[in-house]
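The values are calculated or read from the model by the stated rules, or taken from the named source; none is laboratory data. All values reported here derive from a predicted model rather than from experimental measurement. No Cβ is skipped: glycine too gets one built from the backbone with ideal geometry, and neighbour counts run over all protein chains shown.
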Amino acid sequence: MSTETPLIGDFHAAPAANPLSGARIGVVTFPGTLDDRDAARAVRLGGGTAVPLWHADESLQNVDAIVLPGGFSYGDYLRAGAIARFAPMMNKIIEAATASSGTRLPVLGICNGFQMLTESHLLPGSMVKNDHLKFLCRDQVLRVENTSTPWTSQFTPEELIAIPLKNQDGQYLADPATLEALEAEGRVVFRYVGENPNGSRNRIAGVTNETHNVVGLMPHPEHAVEAGYGPDDATGMRSGTDGLTIFTSVIASLAGGAQ
Amino acid sequence: MSEPTVTDKEFNIDTVEHASTTPDTDLPWAELGLKSDEYDRIVSILGRRPTAAELAMYSVMWSEHCSYKSSKVHLRQFGEKVTEEMKKDLMVGIGENAGVTDLGDGWAVTFKIESHNHPSFVEPYQGAATGVGGIVRDIISMGARPVAVMDPLRFGDIDHPDTLRVLPGVVSGIGGYGNSLGLPNIGGEVVFDSVYQDNPLVNALAVGVMRHEDLRLANASGVGNKVVLFGARTGGDGIGGASVLASESFDDSKPSKRPAVQVGDPFAEKVLIECCLELFHAELVEGIQDLGAAGISCATSELASNGEGGMHVELTDVLLRDPSLTPGEILMSESQERMMAVVTPANAAEFERVMAKWEVEYSWLGEVTDTGRLIIEWDGETIVDVDPRTVAHDGPVYERPYHRPDWQDALQADTFRSSAAGENLPQTAQELGGAVVDLMTSPNMADVSWITDQYDRFVGGNTALSQPDDSGVIRVDEETGLGVALSTDANARYTYLDPYTGAQLALAESYRNVATTGAIPMAVSDCLNFGSPEDPEVMWQFAEAVRGLADGCQELGVPVTGGNVSLYNQTAGRAIHPTPVVGVLGKFDDVSRRTPSGFERWADGQAIYLLGTTHDELDGSEFARGRDHLGGLPPKVDLGAEKMLGEILINASRDGMIDAAHDLSEGGLAAGLAEMGLRFGVGARVAVDGICERDGVDPFTALFSESQARALVALPRSEELRFTDMTTARGFAALRIGVVDASSGDLEVAGPYAGDSFTLGLDELREAWSAVIPSRFATLGEATEAVRQEK
């Protein structure tokens, strides 16, 4: 039997459990990262191979895509993600995601990872404290507004999904011109349905860049990949696995060479 | 007490040699909280007067908090009443940082509850935050990876202005620290009662898991092994908290008042967790101890006295945040996020590599010796030379006088039924329906999700159940589904009426909660919150509660593996109600078998059974609280029945017979039904006449009595026969009282009363039930509502 410690952060010994595809997806760990194990599990359950990457290293180890998981990078006592943006690994990711020739690396930032992506200007806008000033953890319904990114290709347009939301600094802000451009260009990828949980402008939960390879979102798809441990849904308690589609999407996109 | 006759400078570098030649020097032992006979004992142990640093160490290690001097004689029962059978899964018992229980498959689990009551009253955010930090470090010290936390909380009256200060700070402190560690918060309690005014109880539980081979103990063995302090730097925080250093020892160039409450840095703790686990995994430490109360004093004396030899430490090598700290202050500092470890010289370089990877600061302080002495030097001069056992283990032990309060008889005679509160009870369908709504919208029965939604319950991806289900459930092994369930409970009103029974009722409820989710109860950790041990009446409550808990654990066959005693919870001479918080840990072979606490939408038409017997037991109940009455005797305890009920619920879960289960406790059947419906917004149609007939009680009693050893279950009709065969074979009362009605969204309760039945719309009830807490504490939300509308 496996002797893997079942938890957070330390997935150095994680086995690559019979991946269905050759897709290698890097999961970056900063010292204060919390959801890296969950992200690695989501990659495995989606059929790929999770490759642990360390913030201080400079090699992307030939991964095909990157997940920046949630947490508190370096403590985030300053602005969330503001220091992480300068990590050696982030420089490599920025380079690979914005390459002027060849395939641009697909990058997904979740929660703190989304904050890192806005801090490093791979995505527009910024996150501030929730308007109610509290940490909020709840099951959240989102509408998928853009299915043309490698991370959302297997959703149906306008699909409603439920995944956990949990953050303190989740209020998405951007200037009016940026918001207008995002809407006009269809770059809002996920939108909150129902009560706005944090005051985000235009109820934006996730956005993509101009080339659609970089996606950031505040809620946590990696916590909705396994029945029994996700959000509640119609089939039963904690049965929601809507988040898994994000990971199967990118793996299918990589396999199909779609970009 | 007179001024010390030594100058400040001499006091600060008061060496052993100096102490030997100045036997008549006055020391501020009284200001440090020592009694004169305790001071005399230190002098007799050492054969001379202690140095200032030694005095500081003894004073804090012999304090109530560290030495358990008032409680020790009673706590012994937890060890004495453990049978061989109860020990079979116990890998480490009471006395270490936390007890360790074998889970099977090579896994072990460790858990513990501690209090951080006083700091949380003074500074709610940091007090609660560092409470989480401290208990998590206890778990790491055992070699385990922390996997979840829980927080039993008790506040003053919900409408008291100070509760508005304390509660939001405590909740955001727990969230702010715990959420940053990546530990799901899987449950706890929230209780409001004016007895906790000026004395909130902020208890914190942490649970961790490890492979058997990763178990670590706090001892320093192997002569020549090196002692290292790592993590955060040592600062001046936490020194004033226990009033252990007299003001005379500070000179004017430094701040005269140190912060009484430690300040937490959750990022440092998160890094410390990962860094320690890497050390364990690479087998780089021989012994490890977290730094909590009494800081380096505690860590050095505990490590040294639990090993075979002695220890030699150079205190000037401690990395400081504040270079002006004196040796005594360094020894006493309770700065957070620090650990002390013993490392072989061969592993030192590898240890340093791990520190560098995680960018954790460390300093080598000394080594393990064979002298049997703990020797601490300051710049090469000896300032401490003691037998570490005399500091850590041979503290004073008191047989505090205790006696049953004179008022106890009158209190117990003042039953609910005989009081004015017991008159004009609801009788008609309409009155009973209204009473259920009143109950569910009372502060102690209301929805606590405004609080628990500020905690991360998902991180780790192994949370199978959390608030509001009966216990929190965490998967340990992803391949097999092996996991644990945890619940904490206390009913201080019951314990006030009868401390012996009350403590057993807390145990019974926690045990029942764990079994209700389908887990097999295995171990107990307790946090005993009481008033002053110097009050013989409080001491009687304590003695009775401990005796009750120890007897109860023996009867249920679950050992106490650790815990904490918090005394002096009283302000202006008024003690809190005795509050023994009992945590029970249970085991699942496969957590996917866990039973949820509510009716699910797909379960339409399932049968609802009430297990157990209802008696007229309203004394101390939530209904009585609603009428401001507290008197009489708490519900009867029948641990044999609890055990049998547990077996039924565990078997039913394992064999897949039931789809929902919820224990009956505060608020009785009325609360149980309402909570099962509110869980997923699925209604039910039930009738209470069967209960009234069989148990000889009226409908009001059937709904609101808090008789023990009862639970509600929902099961498919196809399982009814198998299920009732099981209860009949055990002779355990089981009565079909209704069906799940997924189509209606209403809870309909029929009975032998005027009006025939009452119907509660669950949506409507939810609105009122979930508004109780936010309406008091979400005032910031109102301020931002206008902004929200604009967006």
Which of the residues belonging to segment B:42-74 are closer than 21 Å to residue B:504 by Cα and surrounded by fewer than 18 Cβ atoms within 10 Å (Cβ to Cβ)?
B:72, B:73
Candidates B:595, B:571, B:614 - the one that is buried (at least 23 other Cβ atoms within 10 Å of the Cβ), away from every other protein chain (no Cβ under 14 Å) and polar (S, T, N, Q):
B:614
Scanning segment B:498-509 for residues that are more than 20 Å from residue B:83 (Cβ to Cβ) and either modelled with pLDDT under 95 or surrounded by 24 or more Cβ atoms within 10 Å (Cβ to Cβ) (or both), which turns out nearest to the chain's Cα centre (by Cα)?
B:506
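Quick check: anything in segment A:119-135 touching a residue at least 60 places away in the same chain (Cβ under 8 Å), in a strand (DSSP E or B) and within 30 Å of residue B:449 (Cα to Cα)?
yes
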Would you please name the residue that is farthest from residue B:588 (Cα to Cα), looking only at residues in segment B:98-107 that are touching a strand residue (DSSP E or B) at 6+ places or on another chain (Cβ under 7 Å) and within 12 Å of another protein chain (Cβ to nearest Cβ)?
B:106
Going through segment A:236-259 one residue at a time, which ones are without any contact (Cβ under 8 Å) to a residue 24 or more places away in the chain, closer than 30 Å to residue A:128 by Cα and away from chain B (no Cβ under 11 Å)?
A:241
Please work out which residue is surrounded by the most Cβ atoms within 10 Å (Cβ to Cβ), limiting yourself to segment B:525-558 and to residues that are under 16 Å from the mean Cα position of the chain (by Cα) and over 18 Å from residue B:637 (Cα atoms).
B:526
Restricting to segment A:35-66, name every residue that is touching a residue at least 60 places away in the same chain (Cβ under 8 Å), within 14 Å of another protein chain (Cβ to nearest Cβ) and crowded, with 24+ Cβ neighbours inside 10 Å.
A:35, A:38, A:39, A:41, A:42, A:43, A:46
Looking at segment B:473-485 only, could you name the residues that are in contact with a helix residue (DSSP H, G or I) (Cβ under 7 Å, 6 or more places away or on another chain) and crowded, with 24+ Cβ neighbours inside 10 Å?
B:473, B:475, B:483, B:485
Here is a check on your reading of the model: is residue A:186 crowded, with 19+ Cβ neighbours inside 10 Å, small (Gly, Ala, Ser), assigned to a loop (DSSP other than H, G, I, E, B) and at pLDDT 95 or above?
no
Every residue in segment A:35-47 that is among the charged types (D, E, K, R) and in a loop (DSSP other than H, G, I, E, B), please.
A:35
Mind counting the residues in segment A:200-235 that are within 14 Å of another protein chain (Cβ to nearest Cβ), farther than 18 Å from residue A:168 by Cα and β-branched (Val, Ile, Thr)?
2
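Within segment B:129-143, can one find any residue that is closer than 21 Å to residue B:778 by Cα and buried (at least 24 other Cβ atoms within 10 Å of the Cβ)?
yes
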Give A:138, A:143, A:191 a once-over and let me know the one that is surrounded by fewer than 21 Cβ atoms within 10 Å (Cβ to Cβ), within 12 Å of chain B (Cβ to nearest Cβ) and farther than 20 Å from residue A:77 by Cα.
A:138
Scanning segment A:1-34 for residues that are more than 13 Å from every other protein chain (Cβ to nearest Cβ), closer than 24 Å to residue A:214 by Cβ and assigned to a loop (DSSP other than H, G, I, E, B), which turns out modelled with the lowest pLDDT?
A:19
Residues of segment B:190-222 satisfying the condition of being more than 19 Å from the chain's Cα centre (by Cα), over 19 Å from residue B:140 (Cα atoms) and assigned to a loop (DSSP other than H, G, I, E, B)
B:197, B:198, B:221, B:222
Any residue at all in segment B:349-368 that is in contact with a helix residue (DSSP H, G or I) (Cβ under 9 Å, 6 or more places away or on another chain), aromatic (Phe, Trp, Tyr) and either under 30 Å from residue B:634 (Cβ atoms) or assigned to a strand (DSSP E or B) (or both)?
yes
Go through (1) farther than 19 Å from residue B:505 by Cβ; (2) among the acidic types (Asp, Glu); (3) crowded, with 22+ Cβ neighbours inside 10 Å and name the single condition residue B:628 misses.
(3)
Which pairs turn up if I take residues in segment B:201-223 that are closer than 30 Å to residue B:123 by Cα and look for partners that are at pLDDT below 90 and outside any helix (DSSP H, G or I) with beta carbon separation below 7 Å, at least 6 apart in sequence or on another chain?
B:208/B:142
